[in-house]
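Have a look at the structure below before the remarks.
The values are calculated or read from the model by the stated rules, or taken from the named source; none is laboratory data. As the structure is a prediction and not an experimental result, all values here were calculated from the model. Using ideal geometry, Cβ is built from the backbone for each residue, glycine included, and neighbour counts are taken over all protein chains shown.
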Amino acid sequence: MTFPVSPSPGDDPRRFLIQDPMGIRHPIISLLAIDSRTDRAFGLGTAFRIDPFGGYLTAQHVLEEWLTPSRPQQTVVGLLNPGLVYGRGSVGNDSMVMIASATVFRTQSDDVMRDRLLGRDSSRMAFDCMMLSFKGDNTRLHEVRDFLPLRLTGKWPKVGDEVMAIGFPELGSIQDRTIDAEVLTERMYGSIGRVTVVLPRGREHRPWPTFAVDTHWPGGMSGGPVFNQDGEVIGLVSSSDEPRSENAQSYAFWFAPVRGIERNLPHVDPSNPGWVRGWAVVRSAPWHVAAMTNDRARADELCATLTPDYSVRFGSLRAGSDDFMGADS
């Protein structure tokens with residue numbers, strides 16, 4: 001396998017445009033803040049789908065500030081793949097999805113007593129990672145079930161390995177006076193770099209597993225997936241040095257060293273990237289997988305509509321196939 005996309009001849013591999021309306025653009029989406037007073041859209045970062053049931057990941061720093069009660073004038077949305085558009089096209093409401101839930105990872109700070117005396121939150125960011133789901137009232141959200149294969153265990157990156165990040169560094173809206181309207185620019189980019197250092201315990205003030213890469217990942221790429229050369233997502237874009245600084249690097253939050261991370265990603269098979277865990281409706285002879293769900297009750301309902309030789313089993317299914325491995329629930 002290789003990276004999910006490759007730069008065209010003549011492109012700079014450190015930053016190249018991805019124009020793939022039917023492939024990788026479906027499970028990777030941009031995140032926007034929309035000012036309710038002006039309707040001006042601001043690009044925040046990137047998120048990507050990790051299972052067919054609507055689970056997404058992004059970097060925690062991308063949204064933590066914007067989801068607080070102190071920002072009542074802003075609405076945060078995900079922008080679904082607009083499809084193949086030549087020139088300018090309108091962005092319909094069906095392209096925008098509202099956040100239904102956001103789950104963060106936090107831990108106690110080093111000085112709980114001081115924080116309490118100062119009336120501050122005594123917790124701090126444990127990992128630069130956030131889980132998202134979007135409200136299911138948007139039919140387009142259910143039309144595409146593609147998701148990215150996560151590598152949660154094994155195959156640690158090594159210094160010199162090539163990795164690729166994908167995201168939306170140019171996302172935002174501007175006033176176009178020629179048509180007297182706001183124009184939203186959304187371009188997906190890839191960026192390939194080499195791993196320069198591997199830090200399973202992280203860095204000072206950022207104590208989560210990290211690896212550094214010898215290229216610059218701009219802010220709009222934050223939260224975007226980072227792939228190894230097998231096409232597996234091994235982390236997400238977390239931060240970058242200033243591009244003008246000497247030996248500037250970018251940093252990825254890295255899944256594999258986090259103990260028990262699979263408990264927080266229940267539908268991701270930790271050992272088999274691209275497999276999804278859930279309740280399957282199966283028939284043994286001849287073998288057939290009729291459905292895969294994230295809910296036992298829903299699986300039972302589906303099973304009841306089929307012939308008696310179907311049953312409900314918990315396990316992992318390889319996406320796009322009938323390959324299934326049973327497991328204890």
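Tabulated values for the structure
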{"read-out": "Filtered residue count, region 208-234, keeping only those that are in contact (Cβ under 8 Å) with a residue 40 or more places away in the chain and either part of a loop (DSSP other than H, G, I, E, B) or at positive phi (or both)", "value": "14"}
{"read-out": "Boolean, THR139 is of a type in the set (Val, Ile, Thr), modelled with pLDDT of 70 or more and surrounded by 11 or more Cβ atoms within 10 Å (Cβ to Cβ)", "value": "no"}
{"read-out": "Any strands (runs of 3 or more DSSP E) falling wholly within region 249-303 and containing at least 1 residues that are outside the structural domain of SER133 (by TED's automatic domain parsing) and surrounded by fewer than 19 Cβ atoms within 10 Å (Cβ to Cβ)", "value": "275-283, 288-293"}
{"read-out": "Number of positions in region 53-79 that are part of a loop (DSSP other than H, G, I, E, B) and either under 15 Å from MET130 (Cα atoms) or touching an Asp or Glu at 6+ places or on another chain (Cβ under 8 Å) (or both)", "value": "10"}
{"read-out": "Residue in region 8-19 that is in contact with an Asp or Glu (Cβ under 7 Å, 6 or more places away or on another chain) and either of a type outside the set (Phe, Trp, Tyr) or in the same structural domain as PRO273 (by TED's automatic domain parsing) (or both) present", "value": "no"}
{"read-out": "Residue count, region 220-248 (criterion: small (Gly, Ala, Ser) and surrounded by fewer than 17 Cβ atoms within 10 Å (Cβ to Cβ))", "value": "2"}
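Residue-wise test of (1) under 20 Å from GLU232 (Cα atoms); (2) over 15 Å from the mean Cα position of the chain (by Cα); (3) modelled with pLDDT under 90.
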| site | (1), (2), (3) |
| --- | --- |
| MET1 | yes, yes, yes |
| PRO9 | no, yes, no |
| ARG15 | yes, yes, no |
| ARG25 | yes, no, yes |
| LEU31 | no, no, no |
| ARG40 | no, yes, yes |
| THR46 | yes, no, no |
